[in-house]
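Heads up, the thing below is written out as structure tokens.
The values are calculated or read from the model by the stated rules, or taken from the named source; none is laboratory data. The structure presented is a predicted model; accordingly, all values stated were derived computationally and were not measured. Quick reminder, even Gly has a Cβ in these numbers, built from the backbone with ideal geometry, and neighbours come from all protein chains shown.
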Amino acid sequence: MVQLSNSPKKAAKRTVAKRTAVKRTAAGRKVAKHMVAKRTAAKRTAARRTAAKHTVARRTVAKRTSARRTAAKHTVPRRTVTKRAVARHTAARRTAAKYTVAKRTAAKRTATRPKVAKHMVGKRTMGRRTVARHTVARRTVADRTKRPDAETSRASAARLNAATRCDTAFRIIARRHLGTVIALQEPTCRGDPIALHKMRVALTHLRAAIRFFSPMVDDAVKPRLRSELKWLSDALGSVRDLDVAVERVATAGPKRPQLTVHFAELDNACAEGHRQLTQSLRSARFQRVIALTSQWIASGPWSTMAGKQPTKRRATVIGVYGGRKLEQWVKILLRKCGKLGNMNPRTRHRLRIFTKRLACSIRSFEDLFADKALAKHKRALKPLRKAQRCLGQLQDDVRGEALKRSLHKSGIDVPLPPLHKKRKKRLLRTAEKAYHEVAALKLTK
């Protein structure tokens, strides 16, 4: 009986347990389905985000590509404009030079024919006598102008040796550079920028030679001559600065198209500078400077000064004097370049001028490099030119700023691109390294 009474209870318990298990299984399945749905939703969300990122990246790449194509379309006309502006600049300068030459030729013919006719008729009236005097004066000036050419041509063929006297060496060197100045007068008047640069370099060599032999050639004429040569150097330098500015704008045109707008104004200023320089080189003052310089070199008061000291200076051989003078200048240069990084532009410019003067003096003695006393200075030419080139680029930047201010006063605004700070530091480091190379040669005792 006990067993019969307990069996329904056990059956009920089993039924309850089965139902509980079924419920748990259903709940587990629901939870599993929910987890699967959750994971699926998360995967879909991640896939959508990835797809969105790729879509944004594609759109960004497409925008950049279209922007580059648009920029390229707009850049091509700017480059074309720059090339056309440079071509117009060259054509305008050539046309202006041809027009100037033709105008002057016509003016000379027009002015010469009536005066020659009056001179040929005779000297009956006072006016004809005046014309005759002017004709004679012109022929005298022409003869004086021709004489330096013959003298300089003979001097260019002459060569130095270690036993040459100082007065003879000075005449050979000075006539050589003066002949170059005379030969480059006409190409410079025609507007050739290369001839202008070479003429300025030859004039610098001439002035450096006068400085180098200054104890010997000091006389009453020298201050006036130096002043006239400085006038000519300033006239050449101002136009050279304009040529450099035009080259900088033309070079930076493709990278900075906004400079092309101001190219025509700067070109007009450069053409006007060349016209003024041509007037100066064709003026009577230039002819007087050439005649005075040639006469002073050949037979100036310095060549006949009496006294023991002047005679000794003229009779000293160039091998001894040149070596001693170059050692003095190298010692002065090494003392001046000690604090190059802390120099202001004005002091740095004076150092560049002295470096150029020393390099010009060494180049003037290239005939004597076979001599032991001067052969060692030949190795200093390369580092000196390197330092001069670096300091020259820094000075071109300073002159560019001064030129920009000067043109601004005339109503011309040209944004010349200045040198970058890193570029300036590199130039200064290169110049310091070059001066260290000169010091390492031990040219001084």
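Figures for the structure shown
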item: Among residues of segment 295-315, those that are surrounded by 17 or more Cβ atoms within 10 Å (Cβ to Cβ) and in contact with a Cys (Cβ under 9 Å, 6 or more places away or on another chain), counted; result: 2
item: Options LYS339, LYS308, LYS312: the member that is out of contact with any Ser or Thr (no Cβ under 6 Å at 6 or more places or on another chain), modelled with pLDDT under 90 and not acidic (Asp, Glu); result: LYS339
item: THR347, sole failed condition from (1) within 20 Å of ALA209 (Cα to Cα); (2) under 28 Å from the mean Cα position of the chain (by Cα); result: (1)
item: Matching residues, segment 200-239, being touching a Gly at 6+ places or on another chain (Cβ under 6 Å) and either in a helix (DSSP H, G or I) or closer than 15 Å to ARG175 by Cβ (or both); result: VAL239
item: Boolean, SER294 is of a type in the set (Ser, Thr, Tyr) and out of contact with any Lys or Arg (no Cβ under 7 Å at 6 or more places or on another chain); result: no
item: Criterion (surrounded by 21 or more Cβ atoms within 10 Å (Cβ to Cβ), closer than 23 Å to ILE362 by Cβ and touching a residue at least 40 places away in the same chain (Cβ under 8 Å)) met by exactly one of ARG159, ARG165, ARG175; result: ARG175
item: Yes/no for SER294 being within 24 Å of GLY237 (Cα to Cα) and touching a helix residue (DSSP H, G or I) at 6+ places or on another chain (Cβ under 8 Å); result: yes
item: Every residue from segment 159-195 that is assigned to a helix (DSSP H, G or I), within 27 Å of MET216 (Cβ to Cβ) and β-branched (Val, Ile, Thr); result: THR168, ILE172, ILE173, THR180, VAL181, ILE182
item: Flag for ALA271 being of a type in the set (A, V, I, L, M) and either buried (at least 16 other Cβ atoms within 10 Å of the Cβ) or within 25 Å of ILE173 (Cα to Cα) (or both); result: yes
item: So VAL56, is it modelled with pLDDT of 85 or more and surrounded by 10 or more Cβ atoms within 10 Å (Cβ to Cβ); result: yes
item: Checking ARG79 against (1) at pLDDT 85 or above; (2) within 30 Å of VAL249 (Cα to Cα), the condition it does not meet; result: (1)
item: Filter pass, GLN295 being over 16 Å from THR168 (Cα atoms) and either touching a residue at least 12 places away in the same chain (Cβ under 8 Å) or part of a helix (DSSP H, G or I) (or both); result: no
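A quick yes/no check of all residues on (1) hydrophobic (A, V, I, L, M, F, W, C); (2) modelled with pLDDT of 90 or more; (3) surrounded by fewer than 20 Cβ atoms within 10 Å (Cβ to Cβ); (4) under 30 Å from ARG324 (Cβ atoms):
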| position | (1), (2), (3), (4) |
| --- | --- |
| MET216 | yes, yes, no, yes |
| ARG226 | no, yes, yes, yes |
| VAL246 | yes, no, no, no |
| PHE263 | yes, no, no, no |
